[in-house]
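Chemist: Once you've had a glance at the structure underneath, I'll fire off some questions.
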Amino acid sequence: MRWSRYFIPTLREDPADAEVVSHKLLLRAGLIRQLSAGVYSFLPLGQRVASKVMQILREEMNAVGGQEFFLPALHPGEIWQESGRWYAIGDEMFRFKDRKGTDMCLGMTHEEVFTTIARSEIRSYKQLPQVWYQIQTKFRDEARPKSGLIRIRQFIMKDAYTFDVDRAGLDKSFNDQREAYKNIFTRCGLEFLIVEASSGAMGGSESNEFMARTPAGEDIIVSCPNCGYAANLEKATSRLNEIADEPGPAAPEEFPTPGVRTIEDLTTFPGGADANRQIKSLVFFATIEGESRPVLVLLRGDHQLHETKLADSLGSTAVRPARPDEIRELLGASAGSLGGVGAKKRTAGLRIVADSSLKNRRNMTTGANKDDHHLRGVDVARDISVDEWFDLRTVESGEKCPHCDSGTLEVFKGMEIGHIFKLGTKYSASMGATVLTQDGKEVPIVMGSYGIGVERIIAAAVEQQHDDDGIIWPKSLAPFDLVVTITNMKQDELRAAGEKLYEELQRAGFEVLLDDRDERAGVKFKDADLIGIPYRVTIGKKIVDGMVELFDRRAKKSEDVKIGEVVAALKQDGRD
Ligand SMILES: [Zn+2]
């Protein structure tokens, strides 16, 4: 490819609206351009990188028995209504009606479509297992698209689905995919970790996320450097120090607390209590089976609620904090004076859930459900009718690892680059995809689903591998293997040597970009650094001695090589 003819619109300056590194560099290096919020075009250089990612995806999926499909992006609403997700998913799904008034949507994932195929074609255990995948466009109407390719509304996904006759089959399929994912991210040159995650609206029993560690990520990861435990914050747990409570009075005692509105206020109030001796009381409405129900949530005063944990624990598709008027209606006081003692007497049917760290605590302080009043001497087991105990609190950096004796947890940001789910029978049962077992019994097919975002891989690679001068592509994703830079196009000798080397390298199987533009050498070097091609061969003055310069973009080192030995030198360095 000749740079003079190739479309690489590089930018000198950082675009004003770009915040994260990958967004800036992908725009500046001329790989992408924005069409509208969260919708991007791949320009030729970007398309070359995306193609490399997709090729790796295909190879690794095929290696675990994957069969490639290509399904429609345009779906009838009907199949999503059958699975129930039409109702469970909110505004993030693009929905509309066709000219006949039929509900339609743009696919966010393809569980429903693949299940539709499986239920009409697969009858017997003898046809299982099946491993199906595709690389295809998906849509998601993000409320706040941002960060370039990190949070977008149209994206390319490799999604795979496995179909097995039983749980043991699913376990094997899941493990195969997990291994394939490790190979994929390793080959893409990413630093990643595998974490326990919430399955959310996808459903199922178990899920793992693949996370690239980067400050540009939108997920928070908790990990133990000692034993390797890693989980998304929405799923992470930790081990707390035991607190020994002094015995309290025989019954809770009410006391006036004028002006006390927060946990913090009560810690400094005369006769108050430390935050870890207080009970925090929060009122939420949870949507469960399409109905919105009030829930009183109790936590230790110094702990923070994680709303995804609450939703997952309740089996709810959405939770929201109650409004002040709703709180008063339910408990008869404002948010600063709430508590679990006697709450059920006030509101019949109120569900009370508590974080496990409150179990067996006594002599605690909490709101009295009466403005400007609190109760002290509360014994949780004796005084509060807790319906269910869950892990609801947000883990914090420095807490103890739940899996080993001596580990201390670290909390950092990561970007989700892949997510794999054991779906079980959620879709096959609701949509009637069954098979006959060896014993002639009819059972729902046991499914798994597995997704990787192509744009996320590209963004993660740039976030993790760049410097002040631009992108440093891993060899496996680089749009070209090398650039041959002719420093001065006006000198016939340089031009002829560059052209000859360009031909020779292509014959040797390299993907070569020949910088034959009529530009100053400095401009050419800057552009080559910016677009991040792994090697640059510079044809300059030393050509009179038959020498060229071989520059390694990552190491930022160059060496003089005889022009006849460039191919051998590159081969020795190895190409992925
Ligand atoms: Zn540990």
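The values are calculated or read from the model by the stated rules, or taken from the named source; none is laboratory data. Note that the structure is predicted; figures quoted are calculated from it, not measured. Note that we place each Cβ from the backbone using ideal geometry, even for glycine, and neighbour counts take in every protein chain shown. Side chains are part of the model used for accessible areas, which takes the heavy atoms of the whole protein and leaves out ligands, DNA and RNA. Shrake-Rupley method; radii C 1.70, N 1.55, O 1.52, S 1.80 Å.
Chemist: Counting other Cβ atoms within 10 Å of each Cβ, which trypsin sites (Lys or Arg not before Pro) in the range 350-387 have at most 13 and sit in a DSSP loop?
Modeler: Counting only loop positions with at most 13 other Cβ atoms within 10 Å, the trypsin sites (Lys or Arg not before Pro) in the range 350-387 are Lys359.
Chemist: Give me the dipole magnitude in Debye, nearest 20, for the range 1-121 about the Cα centre, with unit charges on the beta carbon: positive for Lys and Arg, negative for Asp and Glu. Could the numbers behind the result be given before it?
Modeler: On the way: 15 positive and 16 negative charges, 157 e Å.
Dipole of the range 1-121, to the nearest 20 debye: 760 debye.
Chemist: Could you grab the relative contact order for the range 457-576? Cα pairs under 8 Å, six or more apart, rounded to a whole percent.
Modeler: Working: 191 pairs, mean separation 33.1, N = 120.
Reported relative contact order: 28 percent.
Chemist: Within the range 113-199, report the trypsin sites (Lys or Arg not before Pro) that DSSP leaves as loop and that have at most 12 other Cβ atoms within 10 Å.
Modeler: Here the trypsin sites (Lys or Arg not before Pro) that fit, given the DSSP loop and packing criteria, are Arg123.
Chemist: What is the set of long-range amide H partners of Met108 at a cut-off below 5 Å, with H atoms built 1.01 Å from backbone N?
Modeler: Phe139
Chemist: Continuing with the same structure: Averaging sequence separations of C-alpha pairs under 8 Å and six or more residues apart, then dividing by the length of the chain, give the relative contact order as a whole percent.
Modeler: Working: 1238 pairs, mean separation 97.7, N = 576.
Relative contact order for the chain comes out at 17 percent.
Chemist: How charged is the neighbourhood of Glu142? Take every other residue with its Cβ under 9 Å from the Cβ of Glu142, and add Lys/Arg as +1 and Asp/Glu as -1.
Modeler: Numbers: positive: Arg140, Arg144, Lys146, Arg151, Arg153; negative: Glu92, Asp141.
Taking every Cβ under 9 Å from that of Glu142, the sum is +3.
Chemist: With an 8 Å Cα cut-off and a minimum separation of 6 or more residues, compute the relative contact order for the range 58-161 in percent.
Modeler: On the way: 135 pairs, mean separation 32.1, N = 104.
Relative CO of the range 58-161 lands at 31 percent.
Chemist: Just how far, in whole angstrom, is the range 267-288 from the range 307-367 if you go by their alpha carbon centroids?
Modeler: 10
Chemist: Let me ask something additional. Quick one: grab the alpha carbon gyration tensor of the range 536-576, order the square roots of its eigenvalues as a ≥ b ≥ c, and give me rounded if a/c is under 1.5, else prolate or oblate depending on whether a/b is larger than b/c. Write out the running numbers ahead of the final one.
Modeler: On the way: a/c = 2.92, a/b = 1.45, b/c = 2.01.
Oblate shape, in that a/c is at least 1.5 and b/c is the bigger or equal ratio.
Chemist: Any idea what the dipole of the range 456-569 comes to, in debye rounded to 20, about its Cα centre with Lys/Arg Cβ at +1 and Asp/Glu Cβ at -1?
Modeler: Working: 18 positive and 23 negative charges, 23 e Å.
Dipole size: approximately 120 debye.
Chemist: When you count, for each residue, the other Cβ atoms within 10 Å and take the mean per peptide, how do 394-402, 8-16, 551-559, 481-489 rank with the highest first? Spell out each step's value before the answer.
Modeler: Working: 394-402: 17.3, 8-16: 11.9, 551-559: 14.0, 481-489: 22.7.
With the highest mean Cβ count within 10 Å placed first, the list reads 481-489, 394-402, 551-559, 8-16.
Chemist: Treating only the Cβ of Lys, Arg, Asp and Glu as charged (+1, +1, -1, -1), what charge dipole size does the chain show about its Cα centre? Round to the nearest 20 debye. List each step's numbers first, then the result.
Modeler: Values: 77 positive and 88 negative charges, 175 e Å.
For the chain, the charge dipole is close to 840 debye.
Chemist: With a 4.7 Å Cβ cut-off, tell me which Cys residues in the chain come up empty for a partner.
Modeler: Unpaired cysteines in the chain: Cys105, Cys188.
Chemist: What number comes out for accessible area per residue over the range 1-141 if the probe is 1.4 Å? Units Å², please.
Modeler: Working: 6910 Å² over 141 residues.
Averaged over the residues of the range 1-141, the accessible area is 49 Å².
Chemist: In whole percent, and with a 1.4 Å probe on the protein chains, what portion of the accessible area of the range 257-342 is carbon and sulfur?
Modeler: In the range 257-342, the share of accessible area belonging to carbon and sulfur is 51 percent.
Chemist: Going by Cα centres, the range 91-155 and the range 218-236 are how many Å apart?
Modeler: 29
Chemist: Now, a different point. Rounded, prolate or oblate: which fits the range 122-163, taking a ≥ b ≥ c as square roots of the Cα gyration tensor eigenvalues, rounded meaning a/c under 1.5, else prolate when a/b beats b/c?
Modeler: Numbers: a/c = 4.85, a/b = 3.63, b/c = 1.34.
Cα axes put the range 122-163 in the prolate bin.
Chemist: Quick one: accessible area per residue over the range 415-472, 1.4 Å probe, rounded to a whole number of Å²? Don't skip to the answer; put the middle values down first.
Modeler: Details: 1790 Å² over 58 residues.
Result: 31 Å² per residue.
Chemist: For the range 403-530, what % of the accessible area comes from carbon and sulfur atoms, probe 1.4 Å?
Modeler: Working: 2130 of 4890 Å².
Accessible surface attributable to carbon and sulfur in the range 403-530 totals 43 percent.
Chemist: Here's a follow-up. At 1.4 Å probe size, with every protein chain present, just tell me what the per residue accessible area of the range 192-238 comes to in Å².
Modeler: With the other protein chains kept in place, the range 192-238 gives 34 Å² per residue.
Chemist: Please work out whether the chain counts as rounded, prolate or oblate from its C-alpha gyration tensor, where a ≥ b ≥ c are the square roots of the eigenvalues and a/c under 1.5 means rounded, while otherwise a/b larger than b/c means prolate and anything else oblate?
Modeler: Since a/c reaches 1.5 and a/b is larger than b/c, the shape of the chain is classed as prolate.
Chemist: Then there is this: Considering only Ile384, Ala250, Phe210, whose Cα is most displaced toward the positive end of the charge dipole of the chain, charges sitting on Cβ of Lys, Arg (+1) and Asp, Glu (-1)?
Modeler: Value: Phe210.
Chemist: Could you work out the local net charge near Thr268, counting Lys and Arg as +1, Asp and Glu as -1, over the other residues with Cβ closer than 15 Å to its Cβ? Before the final figure, lay out the partial values.
Modeler: On the way: positive: Arg261, Arg277; negative: Glu264, Asp265, Asp274, Asp302.
Taking every Cβ under 15 Å from that of Thr268, the sum is -2.
Chemist: Could I ask something else about it? Under a Cβ-Cβ cut-off of 12 Å, what is the net charge of the residues other than Val21 that fall near it, where Lys and Arg count +1 and Asp and Glu count -1? All intermediate terms of the calculation are to be shown ahead of the outcome.
Modeler: On the way: positive: Lys24, Arg28; negative: Asp14, Glu19, Glu463, Asp467, Asp468.
Summing Lys and Arg as +1 and Asp and Glu as -1 gives -3.
Chemist: Distance between Cα centroids, the range 30-47 to the range 470-505: provide it in whole Å.
Modeler: Cα centroid of the range 30-47 versus Cα centroid of the range 470-505: 25 Å apart.
Chemist: So for the range 329-480, taking the charge dipole from beta-carbon charges (+1 Lys/Arg, -1 Asp/Glu), which of Ile417, Ala459, Tyr427 sits furthest toward the positive end?
Modeler: Selected residue: Tyr427.
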